[in-house]
Structure formats: C-alpha cells, structure tokens
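Novice: One structure follows; several queries about it will come next.
The values are calculated or read from the model by the stated rules, or taken from the named source; none is laboratory data. The model shown is predicted, which means the values in this text are computed figures rather than measured ones. Cβ placement follows ideal geometry from the backbone for every residue including glycine, while neighbour counts extend to all protein chains displayed. Surface accessibility is based on the protein's heavy atoms, side chains included, excluding ligands, DNA and RNA. Shrake-Rupley method; radii C 1.70, N 1.55, O 1.52, S 1.80 Å.
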Amino acid sequence: MATAERSDLVRFSDRLKHGRALAEDVWSIYNVANLPADCINLGQGYMNFAPPEWVTNAAKEALGTVAANHYSHPKGRMRLRQALKKVYDPQLERDLDVEKEILVTSGANEGQYAVFTAFLEPGDEVIMFEPFFDQYLASVTFNGGIPIYVPLHPPVNATGRFSSDEWKINPEELRSAITPRTKMIIVNTPHNPVGKVFTRPELEVIAALAKEHNLLVMSDEVYDTLVFDGKEHVRIATLPGMWERTVTVGSAGKSFAATGWRVGWLFGPEYIMRPTLAATTRIVFCSNSPLQEATAVGLEQVQERKFFETQTAQYAERRDVLTKCFDSLGLPYTNPEGSYFILLDISRVRFPDDYPFPESVLGRGRDFKACWFIAIEIGVSSIPVSEFYCIEHANIGEVYARFAFCKDLDTLRHAAKRLEKLKEYIV
C-alpha cells in the first residue's frame with residue numbers, strides 16, 4: 001500500500017522567512033501566467049526588445065572561439081576589465097587598477113551578495129532606503145545581516161506631475177537609524193522604483209555619516225546610463241574620503257538591454273575587492289565567459305557610437321508616452337530623472353467592494369488590489385509599491401503602482417490607449 005510522502009522531515013532555514021524568500025511575492029502574483037493572455041506587462045522591469053545588434057554579434061563571435069567557452073578568471077575576463085577601466089576611469093576620477101579594483105560578477109545581484117558575504121557578521125545592521133529593491137532584503141538576511149529601513153518621503157498633497165527629486169531623505173531619521181551595530185548603507189541611484197537621482201548635497205549627508213561612523217557604502221548604480229533631462233549623476237565614490245569605503249555596482253543588463261546575460265561589475269579599493277573576490281569565487285567561481293566578451297566589445301564601442309546618449313534619448317521618448325497618458329488621467333505621478341520606472345498615485349482608483357480578488361492579494365496593501373483590478377479590467381499590469389517597504393512604512397508605498405517603460409514604443413502606446421479607460425474608475 002502506498003503511503004503519503006512526508007514533506008516535513010527536515011526543517012528549512014529561518015533565513016528564508018526573514019528574507020521573505022518563501023512569501024508569495026509580487027513577481028509571482030503578477031506573473032503573466034496569472035493574468036489574462038492579452039494583458040500588457042508594464043510591471044516587470046525587463047525589455048521586450050533585443051540588445052544592440054553589434055553587441056549580440058560579438059556574443060556570437062565569442063561562442064565561435066575556444067577560450068570564451070571555458071572558465072574565465074574569477075576577477076573577470078581581462079578584456080572586459082580593461083573596457084570597464086576605459087569607460088569608468090573618468091567617471092570615477094581614478095586610474096583604476098584592473099587587477100585590484102575591478103571585479104566582474106554574475107549580474108549586479110551576485111556582486112552585491114558577495115560583498116555582503118565578505119563583510120557582514122551575524123547581527124550587523126544594513127541601512128536601506130525605502131522603497132528598496134527587494135533583492136537587498138534577502139541578500140542581507142541570508143548573510144546574517146539585519147535590515148534597517150529609512151524611508152524616502154514623497155511630497156505631501158502632490159498634484160499632477162512631480163519630479164522624483166521631490167522624494168527626500170530626512171537626515172535626522174538617517175542619523176537616528178545608525179547604531180553601534182551598523183555596518184553598511186545601501187544607496188541606489190538612479191533609484192528603483194522612484195527614479196530619483198540623488199543630488200550632491202544628499203550624497204554628502206550620507207557620506208558624512210558614513211565617515212563619522214566608519215560605515216561601508218554599497219552604491220547600486222545599475223541605471224547609471226539612464227539619466228534624463230540633463231540631470232547630473234553624482235557617484236558617491238568620488239566625494240572626498242569616500243573611495244576607500246564605497247563599492248560601486250554596475251550592470252551590463254541595464255546598460256545594453258540584456259538583463260538575461262547576468263554580467264555585472266564592482267569597483268572599489270583593494271581591501272574591499274580582495275575579500276569580495278574570495279566570496280564570489282566560492283559562490284559562482286566565475287561569470288559567463290562569452291557574454292563577458294560581448295559586454296567588453298559593447299563598452300569598447302559605446303563612445304564612438306554615442307550609444308548611451310542615443311539609448312537615453314530613446315528611453316526618454318518611451319517615458320513621454322506614459323507621462324502624457326498619466327497627464328490625461330489627472331492622477332499624480334512621479335516623473336523619473338533616471339531608471340525606467342514611473343510611480344502612479346492610484347489612491348483615487350475605485351473598485352467594487354465585492355470584486356473577485358484572488359487570495360494572493362487579500363490581506364495585502366490596497367495597492368495590491370488596485371494593481372490587480374487594473375490588470376484585469378484595463379489589461380495593463382503594474383507592481384504595487386508597498387512590496388518594497390517594511391510593514392511599518394508600507395502605508396507610504398500603498399499609494400503607488402510602478403509602471404516600467406522599458407518596452408518598445410508600440411507596446412507603450414497600446415498600453416497608454418488602454419489606460420485611458422481608467423478614467424471610468426477615478427473619483
């Protein structure tokens with residue numbers, strides 16, 4: 001006779017709970033499998049268009065060589081490190097050492113994870129600004145760290161279009177969040193999901209506290225090539241006394257519309273890179289060899305092709321499709337200075353009390369219901385922003401839905417046309 005299979009013989013680690021890894025997250029709830037087949041996905045931040053052809057051709061050429069089909073050095077392929085040096089030397093205002101100060105990783109996420117592995121002791125506290133990229137939480141807690149949340153504050157009683165720059169840090173809240181156990185501050189600029197590009201004075205406040213309390217700064221700058229309207233992208237590592245305590249994070253996925261390539265990089269002083277290299281060597285050993293070669297080719301040619309300037313202009317055009325739509329709706333929204341996300345205030349969107357919501361959104365923030373309603377009734381998916389907050393601050397994010405404009409113009413125009421129907425549900 002067959003017996004029921006036991007599924008509780010060995011207990012899994014509590015770190016999965018602390019990092020929300022077992023919870024049904026927004027990516028599962030608002031997955032295409034759960035939504036109507038014709039729903040337009042503006043929720044998830046991946047592109048629906050190909051990387052530039054000259055970069056994908058380089059990937060094909062690399063696959064035709066012997067060396068690029070085998071292990072790379074854990075530091076990254078030399079050609080890529082040299083290409084990174086060429087592009088980033090002037091931006092970081094340094095003569096980067098390709099052996100000691102540049103590390104190629106398996107995407108930006110793995111690079112950050114390796115830094116946490118290298119530097120966090122159990123109980124160390126890591127400050128992150130809300131709303132935060134959700135991967136930070138798991139990466140910190142899996143490595144024994146304790147997340148400490150400091151919210152960015154949106155403008156009060158905003159109407160119409162307002163700049164992402166109006167989301168502000170309260171310096172006193174940041175200072176009061178620092179304790180003797182604080183080890184690190186995560187700065188994300190340009191910011192996901194707000195689109196904020198931190199100003200020099202704001203970064204100087206963070207830098208002063210980092211130096212006063214001897215903290216590391218993880219500067220997640222994966223959207224550094226997507227900054228709009230002439231806004232200055234200031235790298236905190238270039239501020240006085242900050243190179244020696246900052247890890248700067250970058251990504252080929254965001255730079256070349258190749259999120260599936262999982263090629264990222266870190267810049268920092270040798271004393272940070274050396275233990276991080278030791279960690280990443282034991283986590284993944286090395287990163288994808290042929291796609292490192294292709295990324296190197298991309299970086300080698302971006303200046304002569306003026307690729308990043310052209311790409312930014314294209315993203316600005318995509319952004320305008322959605323902002324014009326949101327202007328016509330009359331709802332407040334954040335106009336991003338960087339990245340490819342717009343936060344729309346959906347607090348005035350009304351839906352029936354007896355609407356048949358799935359169990360997965362019940363008991364969550366109001367934004368979960370609003371986003372589900374918009375996806376089903378309007379046919380455009382978005383992401384509820386309260387997911388990127390701790391429970392205590394979730395009411396800040398509950399007002400917003402995140403729409404990604406990293407899609408082709410036809411898709412965005414089609415989505416904008418559908419979103420016009422949202423007027424019927426606005427009070």
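Novice: Answer yes or no: is there a residue in the stretch 123-134 that is under 24 Å from T199 (Cα atoms), touching a Leu at 6+ places or on another chain (Cβ under 9 Å), in a helix (DSSP H, G or I) and of a type in the set (D, E). Working first, answer last.
Specialist: Let us first name the residues in the stretch 123-134 that are under 24 Å from T199 (Cα atoms), namely 126-134.
Then drop every residue that is not touching a Leu at 6+ places or on another chain (Cβ under 9 Å), which leaves 126-131.
Add one more test, that the residue is in a helix (DSSP H, G or I), and what stays is none.
Scanning the stretch 123-134 turns up no residue that is under 24 Å from T199 (Cα atoms), touching a Leu at 6+ places or on another chain (Cβ under 9 Å), in a helix (DSSP H, G or I) and of a type in the set (D, E).
Novice: Against the definition (open to solvent by 30 Å² or more (accessible area, probe 1.4 Å) and in a loop (DSSP other than H, G, I, E, B)), how does R94 come out, yes or no?
Specialist: Working: open to solvent by 30 Å² or more (accessible area, probe 1.4 Å): yes; in a loop (DSSP other than H, G, I, E, B): yes.
So R94 passes the test.
Novice: Please go through the stretch 358-397 and pick out each residue that is acidic (D, E) and buried (at least 22 other Cβ atoms within 10 Å of the Cβ). Even if it seems obvious, please write down each step before you answer.
Specialist: If we filter the stretch 358-397 for residues that are acidic (D, E), which is where we start, we get 359, 367, 377, 387, 392.
Hits for the stretch 358-397 are D367, E387.
Novice: Answer with yes or no whether T281 is among the polar types (S, T, N, Q) and either free of Cβ contacts under 8 Å to residues at least 24 places away in the same chain or in a helix (DSSP H, G or I) (or both).
Specialist: Details: among the polar types (S, T, N, Q): yes; either free of Cβ contacts under 8 Å to residues at least 24 places away in the same chain or in a helix (DSSP H, G or I) (or both): yes.
When the stated conditions are applied, T281 passes them.
Novice: Find the residue count for the stretch 197-251, including only residues that are free of Cβ contacts under 8 Å to residues at least 60 places away in the same chain, part of a helix (DSSP H, G or I), aliphatic (A, V, I, L, M) and closer than 19 Å to F116 by Cβ.
Specialist: Within the stretch 197-251, residues that are free of Cβ contacts under 8 Å to residues at least 60 places away in the same chain, part of a helix (DSSP H, G or I), aliphatic (A, V, I, L, M) and closer than 19 Å to F116 by Cβ number 3.
Novice: Please specify each residue of the stretch 1-27 satisfying the condition of being touching a residue at least 40 places away in the same chain (Cβ under 8 Å) and exposed (fewer than 12 other Cβ atoms within 10 Å of the Cβ).
Specialist: none
Novice: Being open to solvent by 20 Å² or more (accessible area, probe 1.4 Å) and over 12 Å from V150 (Cβ atoms) is the filter here; which residues of the stretch 164-180 pass it?
Specialist: Of everything in the stretch 164-180, those that are open to solvent by 20 Å² or more (accessible area, probe 1.4 Å) and over 12 Å from V150 (Cβ atoms) turn out to be D165, E166, T179, P180.
Novice: Oh, and also: Being touching a helix residue (DSSP H, G or I) at 6+ places or on another chain (Cβ under 8 Å), in contact (Cβ under 8 Å) with a residue 40 or more places away in the chain, assigned to a loop (DSSP other than H, G, I, E, B) and of a type outside the set (S, T, N, Q) narrows it down to one of Y71, Y113, so name that one.
Specialist: Among Y71, Y113, only Y71 is touching a helix residue (DSSP H, G or I) at 6+ places or on another chain (Cβ under 8 Å), in contact (Cβ under 8 Å) with a residue 40 or more places away in the chain, assigned to a loop (DSSP other than H, G, I, E, B) and of a type outside the set (S, T, N, Q).
Novice: Now for a different question. I'd like to check which helices (runs of 4 or more DSSP H) are fully inside the stretch 1-67 and have at least 1 residues that are at pLDDT 95 or above and in contact with a Pro (Cβ under 8 Å, 6 or more places away or on another chain).
Specialist: Numbers: elements: 15-18, 26-29, 53-63.
Correct list: 53-63.
Novice: Of the numbered conditions (1) crowded, with 18+ Cβ neighbours inside 10 Å; (2) over 19 Å from the mean Cα position of the chain (by Cα), P131 satisfies every one except a single condition; which is it?
Specialist: Unmet for P131, out of (1) crowded, with 18+ Cβ neighbours inside 10 Å; (2) over 19 Å from the mean Cα position of the chain (by Cα): (2).
Novice: In the stretch 188-204, is there at least one residue being buried (at least 21 other Cβ atoms within 10 Å of the Cβ) and at positive phi?
Specialist: yes
Novice: Now, a different point. Restricting to the stretch 358-391, what's the tally of residues that are in contact (Cβ under 8 Å) with a residue 60 or more places away in the chain and of a type in the set (A, V, I, L, M)?
Specialist: 6
Novice: With respect to V115, determine if the residue is within 18 Å of D220 (Cα to Cα) and open to solvent by less than 30 Å² (accessible area, probe 1.4 Å).
Specialist: Numbers: within 18 Å of D220 (Cα to Cα): yes; open to solvent by less than 30 Å² (accessible area, probe 1.4 Å): yes.
Spelling it out, V115 is indeed within 18 Å of D220 (Cα to Cα) and open to solvent by less than 30 Å² (accessible area, probe 1.4 Å).
Novice: Please tell me if Q292 is surrounded by fewer than 17 Cβ atoms within 10 Å (Cβ to Cβ), of a type outside the set (A, V, I, L, M, F, W, C) and within 30 Å of R77 (Cβ to Cβ).
Specialist: So Q292 fails the test.
Novice: Within 19 Å of the chain's Cα centre (by Cα) and small (G, A, S): which single residue out of G397, G363 fits that description? Even if it seems obvious, please write down each step before you answer.
Specialist: On the way: G363 fails: within 19 Å of the chain's Cα centre (by Cα).
Exactly one of G397, G363 is within 19 Å of the chain's Cα centre (by Cα) and small (G, A, S), namely G397.
Novice: From (1) crowded, with 17+ Cβ neighbours inside 10 Å; (2) within 23 Å of the chain's Cα centre (by Cα), pick out the condition that doesn't hold for A50.
Specialist: Tallying (1) crowded, with 17+ Cβ neighbours inside 10 Å; (2) within 23 Å of the chain's Cα centre (by Cα), A50 fails exactly one: (1).
Novice: What pairs can you find where one residue is in the stretch 141-163 and free of Cβ contacts under 8 Å to residues at least 60 places away in the same chain and farther than 16 Å from E398 by Cβ, the other is part of a strand (DSSP E or B) and among the basic types (K, R), and their Cβ atoms are less than 8 Å apart, with a gap of 6+ or different chains?
Specialist: G145/K183
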